[in-house]
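Remarks on the structure that follows.
The values are calculated or read from the model by the stated rules, or taken from the named source; none is laboratory data. Model, not experiment: these values are computed from the prediction. Neighbour counts run over all protein chains shown; Cβ positions are idealised from the backbone, glycine included. Ligands, DNA and RNA are stripped out before the accessible areas are found, and what is left, the full protein with its side chains, is counted by its heavy atoms. Shrake-Rupley method; radii C 1.70, N 1.55, O 1.52, S 1.80 Å.
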Amino acid sequence: MKVLFLGSGTSTGVPVIGCQCDVCLSDNPKNKRLRSSLLVRSESTTILVDSSPDLRQQALRHNLTAIDAVIYTHEHLDHTSGFDDMRAFCWRREDKLPLYAGRQCLEQLRRMFAWAFSPLNTYKGYIRPDAHDHAGLPFTVGDIEVTPVPVQHASVETYGYVFRCGGKSFGYVPDIKVLPEASASLLLGVDALAMDALTTREHHTHLTVAQCSQLMQQLAPKRGYLTHCGHAVDYDAACKETPEFITPAYDGLEVVL
């Protein structure tokens with residue numbers, strides 16, 4: 001199983017429009033962050049996690065031309081508004097595109113992109129979702145097992161996921177403020193874990209770098225990655241501030257398990 005970070009940034013991306021802070025002006029390419037999205041691949045299966053507003057740019061950058069399914073973490077626009085760009089993955093499909101999400105996210109997607117979910121949408125090459133409400137229960141896409149991980153983030157139903165294939169496991173939780181005890185058990189001891197580390201100061205809907213680091217030490221993955229980072233997070237500084245097994249993710253980072 002391989003995991004590719006298509007984007008590792010928060011909703012504004014980095015640099016932020018009009019900002020003159022040190023991170024936004026940094027020459028370090030690892031401080032240039034598109035909106036968060038992930039690609040999970042095995043030898044036979046490719047899963048897109050979230051369709052960020054930067055999906056077109058991300059797909060062109062990594063020569064991504066086909067996916068087997070898309071999975072959504074939650075309904076916020078920085079994770080859903082690239083939906084229409086998935087047309088490019090449907091032009092050569094005869095069947096519908098499998099789509100997995102929680103109930104609230106599916107309801108919002110149906111409102112935002114009603115044309116795609118309409119029974120009148122029968123045009124070959126358009127996005128025709130085969131929508132599944134996973135209801136927080138494990139499911140399988142190809143040869144990849146997927147376990148939803150409910151977390152608290154803002155006021156919307158939000159999930160992280162654990163992906164398993166070939167005896168390896170990868171946890172992905174890009175948006176989180178509180179990890180319920182039952183959900184923590186699903187992430188405990190995974191081979192690699194990427195988790196929300198938005199900023200360096202207290203935030204009401206996201207973890208800080210320090211909070212993320214502390215939580216990862218409790219969950220004890222073999223490798224840890226900070227993601228969904230904003231412009232308060234400098235790559236080099238974060239490397240120094242976290243335990244050795246934790247590093248910030250960056251756009252284009254591929255994790256091989």
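Any idea which of (1) touching an Asp or Glu at 6+ places or on another chain (Cβ under 6 Å); (2) open to solvent by 10 Å² or more (accessible area, probe 1.4 Å); (3) under 27 Å from residue 238 (Cβ atoms) is the one residue 41 doesn't satisfy?
Against the list (1) touching an Asp or Glu at 6+ places or on another chain (Cβ under 6 Å); (2) open to solvent by 10 Å² or more (accessible area, probe 1.4 Å); (3) under 27 Å from residue 238 (Cβ atoms), residue 41 comes up short only on (1).
Considering each residue of the range 128-141, count those that are open to solvent by 60 Å² or more (accessible area, probe 1.4 Å) and on the phi > 0 side of the Ramachandran plot, and give that number.
1
For the range 135-169, what are the residues that are among the aliphatic types (A, V, I, L, M), closer than 18 Å to residue 193 by Cβ and touching a helix residue (DSSP H, G or I) at 6+ places or on another chain (Cβ under 9 Å)?
Passing the criteria: 149, 151, 162.
Residue-wise test of (1) touching a residue at least 60 places away in the same chain (Cβ under 8 Å); (2) surrounded by 22 or more Cβ atoms within 10 Å (Cβ to Cβ).
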position	(1), (2)
197	no, yes
202	no, no
222	no, no
253	yes, no
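As an exercise: evaluate residue 125 against (1) without any contact (Cβ under 8 Å) to a residue 40 or more places away in the chain; (2) closer than 28 Å to residue 205 by Cβ; (3) open to solvent by less than 60 Å² (accessible area, probe 1.4 Å) and give the number of the one condition it does not meet.
Looking at each condition in turn, residue 125 falls short on (2).
Given (1) more than 18 Å from residue 12 (Cα to Cα); (2) in a loop (DSSP other than H, G, I, E, B), identify the lone condition not met by residue 206.
That leaves (1) as the condition not met.
Has the range 99-106 got at least one residue that is more than 18 Å from residue 53 (Cα to Cα), surrounded by fewer than 18 Cβ atoms within 10 Å (Cβ to Cβ) and in contact with a strand residue (DSSP E or B) (Cβ under 9 Å, 6 or more places away or on another chain)?
Looking for residues that are more than 18 Å from residue 53 (Cα to Cα), surrounded by fewer than 18 Cβ atoms within 10 Å (Cβ to Cβ) and in contact with a strand residue (DSSP E or B) (Cβ under 9 Å, 6 or more places away or on another chain), one finds at least one in the range 99-106, hence yes.
Just checking, which of 78, 54 is crowded, with 17+ Cβ neighbours inside 10 Å and touching a residue at least 60 places away in the same chain (Cβ under 8 Å)?
That would be 78, the only listed residue that is crowded, with 17+ Cβ neighbours inside 10 Å and touching a residue at least 60 places away in the same chain (Cβ under 8 Å).
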